[in-house]
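What follows is a short report on a single structure.
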Amino acid sequence: MILVKETKLCELFLEVGRQQYSIAAMGNYFAKNEQEAWNSFVAALLSEDGNSAVKEIYQNLANAVAEYNKQGHPEVNIKIVYNYVIAKIIRSIFVEPLELKKNWYFVCRGGEIPNPGDFITVQIFQEPLVAVRQADGTIRIFLNVCTHRQSLIFEGHGCVGVDKSTLCPYHGWAFSIDGHCKNAPGANRGEFGADFDLKNYSLQEFEVKIDENQGIFVKLSENSHLKPESQPENHQNIGIEITNLLNSVSPGYADGETATLPEQIRFWLRIGYLEENIKQLIAESIPEGIRDSRQLRLESLIRELKQAILTVDSDGSTPELNDVVQRVYGSDEQEQIVGKSIEYPKIDLDGLEYSDSSQRRQALPIWIYGDAALFALEVEHLIKPTWQFVCHINEVPQPGNFTWLDIVGERAFVIRTANGELFAGKLQDVTQRGSYPKFGLPNYGLEPIDIDIFYGFIFIRFTWEGSRLADSWYLPGLLEPYQLENMQPIGGTGRYDINVEVDYKLLWENFLEDYHFPMMHKGLTRRFGVSSDCEGINGMIIPMRDPASPNLTPIERQYYDCAKAIARHSWEHEQQLQDFAAENHALPETLCYSAFCSMSAQEEIPMPFSLSVFPEHVQTFSLVPAGPRESRFHVRSYGHTLNPDDTNSKAIEEARRANIQLLLESLHEDIRVNYICQDSVSSRLFEKIGVFSIAEFDVAKFQEAIRVKLPITSFQRKPL
């Protein structure tokens, strides 16, 4: 009976997802053809009324949510789910620069920002803008995107002192109300190079007109010769409404939490949306010159569809989702396109070499973050050839034990065989997800894939070429004393997965540098001595502060005290070990007061995996790409088995518990800023001139690896 009810629920939300795509297609038409129609369209969405399509999707969603609440799930508010649905619609609508030249765009009224320093943020299609009242009373409008690493700078509606600066929430770059960059942390120490000049990093500015009713308008293209049209006094400010809507549904904008609606509902909606998107893309009449781009987008969307199905229905218990897959592959027309093997564009690596990352300071363009056609190429050239973390050997200790990893629409199994060896294979069809592995069949009915073990951690990859982990790991000698092979998984709060609607490359760049720590992670900087120079050993090993900061929170104080209680040597000996590590790239014994992060050499294997080693436990952190703008944090904790008779065991256990909680809090801080960045990179007007500091050395190496493996990413504008 429960299964029947879940199947019905699934069908209800799938239908809403299909309608969601159809309404987005309608919105795209209005956005590109008539500004007033676009404004009316958004107003209808926001009011849940106004036209039959909006009324229908709201009513269907209300029915689905009511049915969901009836079945004993934690109650969900229809408004929360509806806001998410319409925010996804608005985020899917893009207007290119050539289309933006058709109009002046209403921003706000002068009375909304009456005083010097007052600002208000608005969204014009995918362009985040901020209007700021200057000291002389004039209004200036800027693209609200930091010229360093594409984060939104201003949030909401507020006031900045005319003599003060607004700090980018990501890395703390400071901008005055006239848009000029006033400070970049580390610049005065030469960490951006001798030729770095703050004057080159001002915010992009646009022309402003103010009409007789104090209506403020912006021109987003130099080619626009139209005059701004006066707005009625009671006209709904669509740009501000859109900004408020996006902020209300983005995890982290307001409260730092992970999701505003149950994951099950989110994925059901996403599956319906993707199914309709694929159906319409197949039906489109595509000019000969861009068919390869359509084929790549189809491949990307189908992978994301399969990944969503695997995530929300891992045991195959909802037949409706198998029907979705069959419909995607169903008709003859669809089979001609979807079933056709893709001829991936050849990536010419001849003549391309790694440049010195310290010299490659300019960042890759923003169009690469979240592009569906590019993601299909990334799967082939970046993701499939890269080792992906699955589990520890002690999570599959006995013959017959198995686990799996879902990634880019594939399910990869790791199985302990009857003779004690480890075998890796993948499902040949997503519809088989509920019936594998079949241990009686050759290779368990799976397609064999590559497997490797590094210090007890198991990795798989979908190609058979390339270096082994031991050959590409950065400074593996630091791990030797920790006996990681003997560790056991820490369950409960030490093991979790979080799905986020952000490109995995954005997320991984965040975790490759500690330049953002002082601005974003106040707790980490209270606990550890974070250096601005993350190159080499000094960036990998982070000492705990001694003496402790007087501003520690209770949970931070608990961790500090527990770590000190389990000390096996003095702080002086700790420093000697750090010096030894810097000189020898290895350790003779474990560090006790320090934490460090170990990962692959990014220029060789741009692998989104890190192993964080703390005095009391280790945490593996991996990013699982799921689609162009869908990723999964895969976090696991491990530690040595505690002896109940050991006087240190209680302190170790309490230290683990406190640190796991603190690390989760830090992760939520990262989630927040990356949702902000994902919105920023949707801009079609932003001309990225971002530059890397010394503290972003590994980000530069990661981007260099992407550029070498996918030279197409060097284009400033999207070529696909």
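The values are calculated or read from the model by the stated rules, or taken from the named source; none is laboratory data. Since this is a predicted model, take the numbers as computed values, not measurements. Glycine gets a Cβ as well: all are built from the backbone with ideal geometry, and neighbour counts include every protein chain shown.
General remarks:
- Residue 386 fulfils the conditions (1) more than 25 Å from residue 628 (Cα to Cα); (2) part of a loop (DSSP other than H, G, I, E, B); (3) out of contact with any helix residue (DSSP H, G or I) (no Cβ under 8 Å at 6 or more places or on another chain) except for a single criterion, (1).
- Restricting region 377-407 to residues that are farther than 21 Å from residue 446 by Cβ and touching a Lys or Arg at 6+ places or on another chain (Cβ under 7 Å), the residue that is surrounded by the fewest Cβ atoms within 10 Å (Cβ to Cβ) is 381.
- Within region 165-185, being without any contact (Cβ under 8 Å) to a residue 60 or more places away in the chain and part of a loop (DSSP other than H, G, I, E, B) holds for 165, 173, 176, 178, 179, 180.
- When residues in region 1-51 are screened for being more than 17 Å from residue 103 (Cβ to Cβ), charged (D, E, K, R) and without any contact (Cβ under 8 Å) to a residue 40 or more places away in the chain, 2 of them pass.
- Qualifying residue in region 692-708 (condition: buried (at least 18 other Cβ atoms within 10 Å of the Cβ) and more than 30 Å from residue 181 (Cα to Cα)): yes
- Any chance residue 66 is outside the structural domain of residue 217 (by TED's automatic domain parsing) and either in a strand (DSSP E or B) or closer than 23 Å to residue 277 by Cβ (or both): no
So that you can scan it fast, the table gives a plain yes or no per residue for (1) out of contact with any strand residue (DSSP E or B) (no Cβ under 9 Å at 6 or more places or on another chain); (2) charged (D, E, K, R); (3) assigned to a loop (DSSP other than H, G, I, E, B); (4) not assigned by TED's automatic domain parsing to the domain that holds residue 677:
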| position | (1), (2), (3), (4) |
| --- | --- |
| 578 | no, no, no, no |
| 583 | yes, yes, no, no |
| 597 | no, no, no, no |
| 602 | yes, no, yes, no |
| 607 | no, no, yes, no |
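- Taken as a whole, the structure leaves residue 54 outside the set of residues that are in the same structural domain as residue 262 (by TED's automatic domain parsing) and in contact (Cβ under 8 Å) with a residue 60 or more places away in the chain.
- Checking the stated criteria, residue 308 turns out to be assigned by TED's automatic domain parsing to the domain that holds residue 89, of a type in the set (Gly, Ala, Ser) and modelled with pLDDT of 85 or more.
- Among the residues listed as 88, 32, the single one being part of a helix (DSSP H, G or I), assigned by TED's automatic domain parsing to the domain that holds residue 319 and either more than 25 Å from residue 122 (Cβ to Cβ) or modelled with pLDDT of 90 or more (or both): 88
- Meets criteria (of a type in the set (S, T, N, Q) and buried (at least 22 other Cβ atoms within 10 Å of the Cβ)) for residue 183: no
- Residue in region 593-607 that is under 22 Å from the mean Cα position of the chain (by Cα), touching a residue at least 60 places away in the same chain (Cβ under 8 Å) and closer than 24 Å to residue 653 by Cα present: yes
- Annotation for region 207-227: no member residue is closer than 18 Å to residue 146 by Cα and not in a loop (DSSP other than H, G, I, E, B).
- Qualifying residue in region 368-376 (condition: at pLDDT below 95, among the charged types (D, E, K, R) and within 23 Å of residue 705 (Cβ to Cβ)): yes
- Residue check, residue 570 of a type in the set (Gly, Ala, Ser) and surrounded by fewer than 20 Cβ atoms within 10 Å (Cβ to Cβ): yes
To keep it simple, each residue is scored yes or no on (1) assigned to a loop (DSSP other than H, G, I, E, B); (2) under 24 Å from residue 692 (Cα atoms).
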{"site": "506", "(1), (2)": "no, yes"}
{"site": "523", "(1), (2)": "no, no"}
{"site": "526", "(1), (2)": "no, no"}
{"site": "549", "(1), (2)": "yes, no"}
{"site": "558", "(1), (2)": "no, no"}
{"site": "574", "(1), (2)": "no, no"}
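Each row is one residue, and each column tells you yes or no for (1) part of a loop (DSSP other than H, G, I, E, B); (2) within 30 Å of residue 293 (Cβ to Cβ); (3) not assigned by TED's automatic domain parsing to the domain that holds residue 697.
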{"site": "364", "(1), (2), (3)": "yes, yes, yes"}
{"site": "367", "(1), (2), (3)": "no, yes, yes"}
{"site": "382", "(1), (2), (3)": "no, yes, yes"}
{"site": "390", "(1), (2), (3)": "no, no, yes"}
{"site": "397", "(1), (2), (3)": "yes, no, yes"}
{"site": "404", "(1), (2), (3)": "no, no, yes"}
{"site": "415", "(1), (2), (3)": "no, no, yes"}
{"site": "418", "(1), (2), (3)": "yes, no, yes"}
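To keep it simple, each residue is scored yes or no on (1) under 21 Å from residue 498 (Cβ atoms); (2) acidic (Asp, Glu).
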site	(1), (2)
670	yes, yes
674	yes, no
683	no, no
689	no, no
695	no, no
700	no, no
707	no, no
714	no, no
717	no, no
